[in-house]
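Notes follow the structure.
Here, each number is a calculation from the coordinates, and none is a lab measurement. These figures come from a predicted structure and were not determined experimentally. Here the Cβ positions follow ideal geometry from the backbone for every residue, glycine too, while neighbour counts run over all protein chains shown.
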Amino acid sequence: MKVLVLGAGVVGATTAYFLARDGHSVTVLDREPRPGMETSFANGAQISACHAKPWAGPGVPKQAFLWMFKPDAPLLFKPWRYDPSLWSWGLKFLRNCTSTREHVNMDRTLRIALYSRAVLKAVRQRTNIQYDQVTSGILHIYRNAESFEEGRTTAAKLQQLGLPQDILSPQECVGVDAALEHAAKTDLVGGLLSPEDESGDAHRFSIEISKLAIEHGATFDFGVTIKKLEAQNGRITRVITDRGEESCDAVVVALGSYSPRLAADLNLFLPIYPAKGYSISVEIENPSAAPTISITDESAFMVFSRLGNKMRVAGTAELAGWDLSINPVRVEPLRRNAASLFPDAASYQNLSPWCGLRPATPDSVPILGATPYENLFLNTGHGTLGWTMACGSGQVIADLIAGRTPEIDLEGLGLDRFSRP
Ligand SMILES: Cc1cc2nc3c(=O)[nH]c(=O)nc-3n(C[C@H](O)[C@H](O)[C@H](O)COP(=O)(O)OP(=O)(O)OC[C@H]3O[C@@H](n4cnc5c(N)ncnc54)[C@H](O)[C@@H]3O)c2cc1C
């Protein structure tokens, strides 16, 4: 079968690998010169099933309102901007801010995240793919009693859904990562360890998995802008690009935050809005003072990952359209917090700031699988967890295209959940 994969971010590149392994004739189209150059470029690097708590939940509207006027707030939402797509997304988000919806959404996210983590491990074993991976878990740290209490409540919910975490004292946190010695002497109140979670460079993985896809016969066409999908009798017949047109038997949309634009021409309305986030990458000068395990600072809503001799610090979310300019006010909290937690790891003078647009859905669950067009499949809307969910999502799409039953239940993961009452 001739399958076109639209987008070579971590999601599209991984999907291409699974499809090519199945023996399809796979072509990946992307406007960038290499795989993983947009949102998959410098993210927080975590494979974090433990991060399955959705953004929408009880108490979030009040918190978001209080943050609205704080330019460096972890979540910045400006509803007064003229942006009907944001308002429509925001209303759907508000509907998900109940404890019942939070539980349902966490269950769905965890289902695909846990599966994806297992598929990634299998890919690693089969191929020996290298991407600065660290497989010793993710440590969540808490720097005030209130957030630690909230963390333990979430941990109890995750445990019920099949993800156990270990509760640690400040000294036990130092036992897991000696770089926390300084924090333990200042404000660290405790930690939660997710021993099976991991970290690694999503950009490097995108490049390496693309090479493996090419070994299985896939073709990557870079520097191509996709303009339109054409349909006839309920099937996609052609993809129109700035270089001409491509015929196809099946199409996978993996365009991250840009997926809704193309889908809208087909009367498919994908509730995906870009949630802009920032990272800094810092050259480590004193390796023993830098974290070796990936750490989430739950009190500051930031993640730290070790990628070889670099430390990646990522976080913050801003709902402000598709703008990719770097705002120093949003970068500074990342630098400040890294310097306060790991003061001797680096001088924090030469930072590489970056921003990307998380393709966020209002319920924090990706949009996976079939559409009303019989040969069009969606693999998008992965929000904060696209790297975590890339392998499982790619395998699911390959299973659907091959006519196999996916290994996980797809209930609540598809586009149809937004059309139900
Ligand atoms: C600050 C930050 C931290 C994050 N941390 C983590 C983390 O720790 N763990 C985690 O799991 N996730 C994390 N994420 C989320 C994760 O990075 C995303 O969910 C993931 O990268 C989405 O991958 P994607 O392939 O869907 O999208 P993208 O990587 O954006 O890929 C989409 C591709 O489509 C192409 N494209 C779009 N439109 C067109 C067009 N018209 N024509 C041609 N090509 C087109 C783009 O060039 C791009 O290559 C983070 C995100 C941010 C911003």
TODO: Enumerate the amide H contacts of Leu307 below 5 Å, restricted to partners 5 or more residues apart or on another chain; note that Pro and chain-start residues carry no placed amide H.
DONE: Arg312
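Mind checking the dipole of the chain: about its Cα centre, +1 per Lys or Arg Cβ, -1 per Asp or Glu Cβ, Debye to the nearest 20?
Working: 41 positive and 45 negative charges, 147 e Å.
Its charge dipole is roughly 700 debye.
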Task: Rounded tilt (10° steps) of 328-341 against the dominant C-alpha axis of the chain - done: 50
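Taking N as the number of residues in the chain, what is its Cα Rg relative to 2.2 N^0.38 Å?
0.94
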- [ ] Could you tell me what percent of the DSSP beta bridges with both partners in the chain are antiparallel, to the nearest 5?
- [x] 70
Task: Relative contact order [Cα under 8 Å, 6+ residues apart], the range 241-304, whole percent - done: 15
- [ ] Mind giving me the FRET efficiency for Ala370 and Arg152? R0 is 30 Å, r the Cβ-Cβ distance, nearest 0.05 is fine.
- [x] 0.20
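On a full-extension model of 0.36 nm per residue, what is the gain between Thr225 and Lys78, subtracting their alpha-carbon distance, rounded to one decimal in nm?
Numbers: separation 147, 0.36 × 147 = 52.92 nm, distance 3.04 nm.
Between Thr225 and Lys78, full extension yields 49.9 nm more.
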- [ ] In whole angstrom, note down how far apart the Cα centers of the range 342-378 and the range 16-65 are.
- [x] 5
Open item on the list: What aspartates and glutamates does Lys276 reach when the alpha-carbon gap must be under 16 Å and sequence neighbours fewer than 8 apart in one chain are set aside?
Closed with: Glu38, Asp72, Asp83, Glu318, Asp323, Glu332
TODO: Using Cα positions and a limit of under 23 Å, work out the lysines in reach of Lys227, with same-chain residues fewer than 8 apart set aside.
DONE: Lys2
Task: Nearest-ten-degree value, helix 145-160 long axis tilted from longest Cα axis of the chain - done: 40
Open item on the list: Rounding to the nearest 10 and keeping the result within 0 to 90°, find how far the Cα-based axis of helix 202-215 lies from the longest principal axis of the chain.
Closed with: 30
Task: Residue order, fewest to most beta carbons within 10 Å, for Lys228, Lys310 - done: Lys228, Lys310
Open item on the list: For Lys228, give me every one of the aspartates and glutamates with a C-alpha distance below 19 angstrom, ignoring sequence neighbours fewer than eight places off in its own chain.
Closed with: Asp30, Glu32, Asp242, Glu245, Glu246, Asp249, Asp265, Glu374
Open item on the list: So for the chain, averaging the separation of alpha carbon pairs under 8 Å that are six or more residues apart and normalising by length, what relative contact order in percent results?
Closed with: 27
Task: Packing-based ranking, highest mean first, of 275-287, 342-354, 60-72 given that Cβ atoms within 10 Å are counted - done: 275-287, 342-354, 60-72
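Dipole size in debye (nearest 20) for the range 262-405 around its Cα centre, Lys and Arg Cβ +1, Asp and Glu Cβ -1? Spell out each step's value before the answer.
Values: 9 positive and 12 negative charges, 40 e Å.
So the magnitude is around 200 debye.
Using the structure shown, select from Lys121/Lys310; Lys70/Lys121; Lys62/Lys157; Lys70/Lys157 the pairs with a Cα to Cα distance greater than 29 angstrom.
Checking Cα-Cα distances, Lys70/Lys121; Lys70/Lys157 exceed 29 Å.
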TODO: Please report the relative contact order for the range 312-421, taking Cα pairs under 8 Å with a sequence separation of at least 6, and give it as a percent rounded to a whole number.
DONE: 20
Open item on the list: Can you give the FRET efficiency to the nearest 0.05 for Trp67 and His103, using r as the Cβ-Cβ distance and R₀ = 25 Å?
Closed with: 0.55
